[in-house]
Amino acid sequence: PAPDFASVSSGRAPRTPQEEILCRLFAEVLGLDQVSIDDGFFELGGDSIISLQVVSRAHKAGLTITAKDVFQHKTPQALAAIAEPVNDRHVTHDDGQGDIPLTPIMRQLAERDGLTGPIHQAMTVWTPPAMSMDDLTATLQSVLDHHGALRMRLDRDTLWGRPPGEVRAADLLRRSDAATCDERALSEHREAAVRHLDPESGVMLQADWFDAGSRAPGRLLIVAHHLAVDGVSWRILQEDLATAWDAITSGEVPVLPPVSTSFRTWARLLTEAATARSTVEELPIWLATSASARTSEPGPQRAAEPDALRMMLSVETTTAVLTTVPAAFHADVTEVLLTGMALALADWRSDTAVLAALERHGREAGLADGVDLSRTVGWFTSTHPVRPDLGEVAWEDVWSGGHGVAAAVKKVKEHLRALPNNGIGHGLLRHLNETTAPALAELDEPFLLFNYLGRFAMTAGEPIPWTPVGEDRPAAVTLTHTVDVDAMTEDTPAGPRLVADWAWDPGRLAEEDVRHLGRTWFRALEALVACAERGDAGGRTPSDLGLITLTQDDIDQLEMEWGQ
């Protein structure tokens, strides 16, 4: 295609039905009033998790695109040019029946805590007023029958996908009076639901409905074992609950959008990929990443109850972190957030080659041809070590938002992009390949794990059925490293705000240490914003230039001479 030298969106309105659909979907998932055909998805605050929602909703609207397309083409105009009409005659529903091998994240959990423990995720959503128990049961049954992961049963080191209808919603759903649904009662119901989860008996989900009758919307507490869901899964389940409910209340049989690639199919693909030559060739990368790292140490003491702390970034800074900074550096949000964390750890540990673990959503459809995971419920999480070398850091320049912080984000960005398939190969070699696993198992755990969960809409005003109640969102309490950081963006009526939940081993760290690290991370993000808002800041890196080979020094020199 001809190069596009426009640096600022022209704000052009949609010209075709395809562009109109994509502009509307961008606005919906990002909480914006409108989007032009020239606006870049990631420059508007999008991320890899939300891109999956765009793919799923585009399919419902009649357009076929992939998450990879969103990354490559970015704007509604460019996506509309390559989108194809949906042809459901060639889309079959994969119901996920049969044996399911454990994935790397599941084997990691088995080694650490065992698979039958109470590790779970929970979410509370609004339900429509005057809803009957029969209609709610039918709605939940439709979702259970559609998603194989919710019907799995654990048999030692294998999961089994059971046929639709074998798990009865009526056995999992309880009814309570909404008048008793205060914070304490909700916590007690959640704890009771967790106790009823039993993967070996095939009980992957529990639900409590707090019925408000015809007076007001009710609340539905859904608790699921982590083996069956992840953060992306909840977004799929919310949409499917709404779709099934609309059909049932209209007197129709629910027809949910098909699941093209089941969790079973994906798990079997991972097992095959673990011994593939291309994956095995990654081993030196992962050994080098973790070798001679001064910030690594043994994992947390399992007997200790983790301490927890929540910290929030201002709306103004969050908005810039999601939009201005990624646009300036042609980076994604995770690269920006991890740069801030790398600077915070370097400042705290006096080590500019910091080792950490990065948790990703793991839905790397590019691992095999024909894979579509935008509609699949299950636990896809992947983790891998990262160790970007920041080199010599001029701290005064960094904290003032100077070129030092620009150099840091470029190094982190290139470090992450050099890892094949967003790092999914590390888990394959560590947990599914018997030949390579011992070498990786000998390495110490990184000190800190960082996970960005994406954006969650926080509703205000009148409750909207099947959306989260208040500030509720999927959460799981378990400590995997000395420090775990789960960050997410809450889209509030006042604007987006970054929320970070810190958990740590109190036997190793005091709360003031963690607070200091959290404040330093926010300070680094503020420095990134200050840098991006300068007229001469930002720029490209070698991974942005796929058609030519230039070093970072070459690019910096060209940008200095010719402008960005």
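The values are calculated or read from the model by the stated rules, or taken from the named source; none is laboratory data. Everything quoted here is computed from the prediction, not taken from an experiment. Backbone-built Cβ (ideal geometry, glycine too); neighbour counts: all protein chains shown. Just the protein is used for accessible areas: all its heavy atoms, side chains included, with ligands, DNA and RNA removed. Shrake-Rupley method; radii C 1.70, N 1.55, O 1.52, S 1.80 Å.
Just a few scattered comments:
- Restricting L32, L44 to those that are of a type in the set (A, V, I, L, M), in contact with a Ser or Thr (Cβ under 9 Å, 6 or more places away or on another chain) and assigned to a loop (DSSP other than H, G, I, E, B) reduces the list to L44.
- Residue, nearest to E200 (Cα to Cα), within region 106-126, restricted to residues that are part of a loop (DSSP other than H, G, I, E, B) and in contact (Cβ under 8 Å) with a residue 40 or more places away in the chain: T116
- Complete set of residues in region 146-157 that are farther than 13 Å from S262 by Cβ and modelled with pLDDT of 95 or more: R153, L154
- Failed item in (1) closer than 29 Å to G46 by Cβ; (2) at pLDDT below 90, with D94 passing the rest: (2)
- Among the candidates N433, N422, the residue that is open to solvent by 30 Å² or more (accessible area, probe 1.4 Å) and either in a loop (DSSP other than H, G, I, E, B) or closer than 30 Å to V529 by Cβ (or both) is uniquely N422.
- Residue that is surrounded by the fewest Cβ atoms within 10 Å (Cβ to Cβ) [pool: residues in region 121-138 that are β-branched (V, I, T) and within 26 Å of the chain's Cα centre (by Cα)]: T124
- All conditions in (1) modelled with pLDDT of 90 or more; (2) assigned to a loop (DSSP other than H, G, I, E, B); (3) open to solvent by less than 50 Å² (accessible area, probe 1.4 Å); (4) among the polar types (S, T, N, Q) hold for N451, with the sole exception of (2).
- Selected residue (criterion: modelled with the lowest pLDDT) from residues of region 464-499 that are within 19 Å of P217 (Cβ to Cβ) and open to solvent by 40 Å² or more (accessible area, probe 1.4 Å): E471
- Some residue of region 253-262 being open to solvent by less than 50 Å² (accessible area, probe 1.4 Å) and within 25 Å of P118 (Cα to Cα): yes
- Positions within region 187-213 being among the polar types (S, T, N, Q), within 27 Å of P128 (Cβ to Cβ) and either at pLDDT 90 or above or open to solvent by less than 20 Å² (accessible area, probe 1.4 Å) (or both), in sequence order: Q206
- Residue among T323, T317 that is closer than 30 Å to R534 by Cα and at pLDDT 95 or above: T317
- The set of residues in region 127-164 being within 30 Å of R107 (Cβ to Cβ) and without any contact (Cβ under 8 Å) to a residue 60 or more places away in the chain consists of D145, R151, R153, D155, R156, D157, T158.
- Listed conditions (1) buried (at least 20 other Cβ atoms within 10 Å of the Cβ); (2) in a loop (DSSP other than H, G, I, E, B) are all met by V70, apart from (2).
- Subset of region 214-229 (residues that are of a type outside the set (G, A, S) and either out of contact with any Phe, Trp or Tyr (no Cβ under 7 Å at 6 or more places or on another chain) or part of a loop (DSSP other than H, G, I, E, B) (or both)): R215, P217, L221, I222, V223, H225, H226, L227, V229
- Residues in region 356-412 that are of a type in the set (S, T, N, Q) and either closer than 18 Å to Q53 by Cα or open to solvent by 40 Å² or more (accessible area, probe 1.4 Å) (or both): S374, T376, T381, S400.
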